[in-house]
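We did not get these values from a lab; they are worked out from the coordinates using the rules stated. Note that the structure is a prediction, hence the values are computed from the model and not measured. Virtual Cβ from ideal backbone geometry, glycine too; neighbours counted across all protein chains shown.
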Amino acid sequence: MKRVILSRKGFDSKYGGRPSPIFKNGDIFSLPIPQKGKSSKKYHELKFNGINGTQALKEVSATKVTSKDFCHYDPALNEKIGLFGQAGSAQSELKNNGVGIGDLFLFFGWFKKTDNPKINIHKIFGWLQIEEILEGNSQISKFLKKNNITHPHDPQYKEYKNNTIYVSKKNFGLFKKFSDDLVLSAPGFSKSMWQFPKKYFGSVANKNRNIFLNRLKWKDRNNLLVDTNIGPGQEFILDAQNTPHISSWAKSLIGGFK
């Protein structure tokens, strides 16, 4: 594993207009952004951990979309094969930073607990370790047809520049429950200020290593704070090749909560 990629996905202030829900019993449900035009799924067709998309929309009092609207269900981590699509400049950024087979995506988004307004955070909700990379519409169409899978990056729904799908057949999934270990936001700050765990990042920060390969940098190295409110961008790429502690952190999350 050379790279760990923190990838922003799901409802936000612009797309969806609300956070994804943390239910009273601790269940979490990441709501994908709306899709303009036809896509592979509508919100009411989403199902995970005994919850459907209609219930999740109701829990967050969503007004910009309805259960009958099409959604951009990506990453798709609740089927027999895990899939994540990327395109355009975001895909170029991943490729230019050496993201490849064996690397791990940790997907995060905006979540809020409706019965506790203080829990208004960025948190990790799923993961995918790359086993295959499909580049271009031809490869993507053949793979989806062969495996009888639908996905928003299927060219039949929309043409994307630099269209790419990352495939995982084994190590992927969605976290079911809220856990402090999955929270990225630092206590006492806005959700965009993150704090990494001292156990895995403390020695790295002290050695002044540059673990962030794109955009991110330490805001407060002593307290392991990083300000992610730095403009547009979907992925933050961490160097796990030269810093094995990063891989250990990611594996601890997956092993502890999947």
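Taking all Cα pairs closer than 8 Å and separated by 6 or more residues, the relative contact order of the chain comes to 23 percent. Size descriptor for region 104-182, Kirkwood hydrodynamic radius: 14.8 Å (Cα pairs only, one decimal). The trypsin sites (Lys or Arg not before Pro) of region 1-76 that meet both conditions, a loop assignment by DSSP and at most 15 other Cβ atoms within 10 Å of the site Cβ, are K14, K24, K36, K38, K64, K68. The phi-based Karplus calculation (6.51 cos²θ - 1.76 cosθ + 1.60; θ = phi - 60°) puts the 3J(HN,Hα) values of region 20-29 at 6, x, 10, 6, 4, 8, x, 5, 10, 8 Hz, whole numbers, x for Gly and Pro.
In plain terms, the chain from N49 to I101 could stretch by 15.8 nm, reckoned as 0.36 nm per residue minus the Cα-Cα distance. Once the gyration tensor of the Cα atoms in the chain is diagonalised, the equivalent ellipsoid follows with semi-axes of 28, 24, 16 Å, ordered largest first. The modelled label-to-label distance for the pair E159/S252, using points 7 Å beyond Cα in the direction of Cβ, is 4.8 nm. Among D180, D69, the order by Cβ neighbours within 10 angstrom, fewest to most, reads D180, D69.
Beyond 11 Å, the tail of the calculated P(r) for region 73-120 holds 78 percent of the Cα pairs.
For the cross-link pairs K58/K95; K14/K142; K14/K68; K38/K145; K58/K145, which exceed 28 Å when the distance is taken from alpha carbon to alpha carbon? K58/K95; K14/K142; K58/K145, as the Cα separations exceed 28 Å there. Per the Debye calculation on region 126-258 with a single equal scatterer at every Cα and no solvent contribution, log₁₀ I(q)/I(0) for q = 0.18 Å⁻¹ amounts to -1.12. Within straight-line reach of K251, meaning a Cα separation under 19 Å, sit the following lysines at least 8 residues removed in sequence or on another chain: K2, K123, K169, K170, K176, K177, K198, K199. What the phi angles of region 10-16 give under the Karplus curve with 6.51, -1.76 and 1.60, with θ = phi - 60°, is a coupling list of x, 3, 9, 5, 8, 10, x Hz, glycine and proline written as x. You can think of it this way: the chain between K36 and K118 has 26.3 nm of extra reach, that is 0.36 nm per residue less the Cα-Cα gap. Distant-in-sequence amide contacts of K2, defined by a placed amide H-H separation under 5 Å and a gap of 5 or more residues or a different chain, comprise D103. If only the Cβ of Lys and Arg carry +1 and only the Cβ of Asp and Glu carry -1, the dipole of the chain around its Cα centre is close to 240 debye.
Applied to region 171-178, the Karplus parametrisation 6.51 cos²θ - 1.76 cosθ + 1.60 on θ = phi - 60° returns per-residue 3J(HN,Hα) values of 9, 7, x, 10, 6, 8, 10, 5 Hz, with x for Gly and Pro.
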